[in-house]
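> After the structure tokens below, expect a handful of questions from me.
The values are calculated or read from the model by the stated rules, or taken from the named source; none is laboratory data. None of these values were measured; they are calculated from a predicted model. Cβ sites come from the backbone with ideal geometry, for glycine too, and all protein chains shown count toward neighbours. The protein model used for the area step is the full one, side chains on, heavy atoms only, and it has no ligands, DNA or RNA in it. Shrake-Rupley method; radii C 1.70, N 1.55, O 1.52, S 1.80 Å.
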Amino acid sequence: MSISFQMKLSQDLISNHIKQWINAWNSKDIDTISSLYCDNIELSSPKVKKLLSGYETNVINNKKDLKRYFSIGLKKFPNLKFEPIDFVTKDNIIILEYVAYPNDQVKWNVLEKFELDKNGKVMKSSVYYGIEEENTN
């Protein structure tokens, strides 16, 4: 269980985090993506067990497995692109709505909740996927 705290994040920090995160994913820069997360990260996603063999849960609790999970995802979906839609914030929490395009035929509507530490790194992330749709772009 993670410990929550109340901290008001600056709009600059929030905007910078979102831009860095989207740009790192879209450029497939695994080192920059990983640098945005704490060492003791807690990430939950319904795709964890599907991508990480041997995982019996959809929660990752360390940066080594997080980086491996992201690397496998980028290999499986080499054309993955994220398109931000909107975000809301409260204290140290960002809820980001985006569309993920894993390939030319499919799109995923995604909500991701980030809880940031005082340094602006993600200490907890919860990913929620909508219905998989046909990509009409």
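> Can you give me the % of accessible surface on the chain that is carbon or sulfur? Probe 1.4 Å, all protein chains present, nothing else counted.
50 percent
> So what is the orientation-averaged projected area of the chain, using the convex hull of its C-alpha atoms, in nm²?
Directional mean of the projected Cα hull area for the chain stands at 8.1 nm².
> Farthest toward the dipole's positive end in the chain, which of F82, L66, V122, given Cβ charges of +1 (Lys, Arg) and -1 (Asp, Glu) about the Cα centre?
Positive-most Cα among the choices belongs to L66.
> Next question, about the same structure. Over 16 Å apart: what share of the alpha carbon pairs of segment 93-137 falls there, rounded to a whole percent?
Looking at segment 93-137, the distances longer than 16 Å represent 46 percent of pairs.
> What dipole magnitude, in Debye to the nearest 20, does the chain give about its Cα centre under +1 on Lys/Arg Cβ and -1 on Asp/Glu Cβ?
Dipole of the chain, to the nearest 20 debye: 420 debye.
> So with the 1.4 Å probe, I'd like the accessible area per residue for the chain, rounded to whole Å².
58 Å²
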